[in-house]
Amino acid sequence: MKLLLVEDNVSMHTALQRTLSRRGMDVTVCADGRLALARWQSFMPDVVVLDLTLPGLDGLQVLQQARAAGLATPVLILTARGTVGDRIIGLNSGADDYLPKPFDLDELEARIRALARRSAARDDLRSEPRAVTQVLGQLRYEKHTGAIYLCDEVLDLAPRELALLQALMGKPGHAVSKERLFELVFPGEAEVHYEAIEVVVYRLRKRLLNTGVLLITLRGLGYLLKATP
């Protein structure tokens with residue numbers, strides 16, 4: 001994972017660069033707002049961790065100009081400005097997450113990886129071939145509307161069951177990882193336990209009875225849909 005760390009405190013960015021590098025991240029550090037914006041545009045990181053108090057341009061200006069330039073990289077604001085008002089301003093300026101200082105390193109790493117996973121999932125969906133209709137068993141998935149039909153009647157599902165079925169219908173016969181499904185079914189819901197996806201799988205599996213479609217668990221790989229013989 002390529003990480004752009006924008007932090008002007010030398011001891012802070014040195015410690016974070018060393019720690020996150022040891023945890024498998026390729027960390028580039030910038031201590032100046034203008035330089036950070038230029039570096040962001042030049043090498044396109046997977047995630048940006050952005051302090052707000054910076055020389056050159058402050059963090060909010062960096063974020064606003066990046067978004068105006070079409071840079072959609074996930075951004076986590078990491079700052080001592082921790083009031084609710086500051087968080088609202090940061091999120092409204094285009095940030096994806098906000099972590100006030102002082103912080104726990106394990107939580108910072110978890111938040112960075114969650115942002116990277118969500119971004120990768122969205123990119124994968126955009127890059128997949130866009131067939132207008134996907135048919136499996138007695139189910140028909142109309143991708144342009146998001147509706148799933150059973151024998152020409154819209155299949156009535158709860159929103160999370162629908163999100164799960166849409167993700168699986170997009171790759172019939174291929175396993176979709178539990179991690180990716182969690183990001184698609186519970187987007188941005190940091191308080192939801194990871195195992196909650198299993199509850200949605202259980203409910204959807206029951207709804208698929210008598211549809212000619214099986215929801216199969218592949219241990220270590222994820223879940224897939226398969227038409228019954």
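Residue-by-condition table, conditions (1) under 19 Å from Arg111 (Cβ atoms); (2) modelled with pLDDT of 85 or more; (3) open to solvent by less than 10 Å² (accessible area, probe 1.4 Å):
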| position | (1), (2), (3) |
| --- | --- |
| Asp58 | no, yes, no |
| Gln61 | no, yes, no |
| Arg67 | no, yes, no |
| Gly70 | no, no, no |
| Arg81 | yes, no, no |
#### Entry: Failed item, numbered, when Asn92 is tested on (1) out of contact with any Pro (no Cβ under 8 Å at 6 or more places or on another chain); (2) of a type in the set (S, T, N, Q); (3) buried (at least 17 other Cβ atoms within 10 Å of the Cβ)
(3)
### Task
Could you list, in sequence order, all residues of segment 193-216 that are within 19 Å of Glu153 (Cα to Cα), open to solvent by less than 10 Å² (accessible area, probe 1.4 Å) and among the aliphatic types (A, V, I, L, M)?
Leu204, Leu208, Val213
### Message
Filter segment 1-41 down to the residues that are touching a residue at least 60 places away in the same chain (Cβ under 8 Å) and open to solvent by 40 Å² or more (accessible area, probe 1.4 Å) and list them by number.
### Response
Met1, Arg23
### Options Leu37, Leu91, Leu78, Leu108: the member that is touching a Phe, Trp or Tyr at 6+ places or on another chain (Cβ under 9 Å) and within 18 Å of Lys2 (Cα to Cα)
Leu78
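Taking Leu57, is it part of a loop (DSSP other than H, G, I, E, B) and over 23 Å from the mean Cα position of the chain (by Cα)?
yes
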### Query
Tell me, which residue of segment 217-229 that is open to solvent by 50 Å² or more (accessible area, probe 1.4 Å) and part of a strand (DSSP E or B) is nearest to Met169 (Cα to Cα)?
Lys226
### Task
Go through segment 42-54 and give me each residue that's touching a residue at least 12 places away in the same chain (Cβ under 8 Å) and assigned to a helix (DSSP H, G or I).
Phe43
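Consider Ala190 carefully, then state whether it is loosely packed, with under 14 Cβ neighbours inside 10 Å and either modelled with pLDDT of 90 or more or of a type outside the set (Lys, Arg) (or both).
Values: loosely packed, with under 14 Cβ neighbours inside 10 Å: yes; either modelled with pLDDT of 90 or more or of a type outside the set (Lys, Arg) (or both): yes.
Yes: the conditions hold for Ala190.
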### Query
For segment 199-216, how many residues are touching a residue at least 12 places away in the same chain (Cβ under 8 Å), in a helix (DSSP H, G or I) and not aliphatic (A, V, I, L, M)?
2
### Query
Across segment 107-154, what is the total count of residues that are surrounded by 15 or more Cβ atoms within 10 Å (Cβ to Cβ), in contact with a Leu (Cβ under 9 Å, 6 or more places away or on another chain) and modelled with pLDDT of 80 or more?
15
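Considering Arg160, Arg180, which residue is open to solvent by less than 50 Å² (accessible area, probe 1.4 Å) and either assigned to a helix (DSSP H, G or I) or not acidic (Asp, Glu) (or both)?
Arg180
The values are calculated or read from the model by the stated rules, or taken from the named source; none is laboratory data. All values derive from a computational prediction rather than experimental measurement. FYI the Cβ positions are ideal-geometry reconstructions off the backbone, even for glycines, and counts take in every protein chain you see. Surface areas here come from the heavy atoms of the whole protein model, side chains and all, with no ligands, DNA or RNA. Shrake-Rupley method; radii C 1.70, N 1.55, O 1.52, S 1.80 Å.
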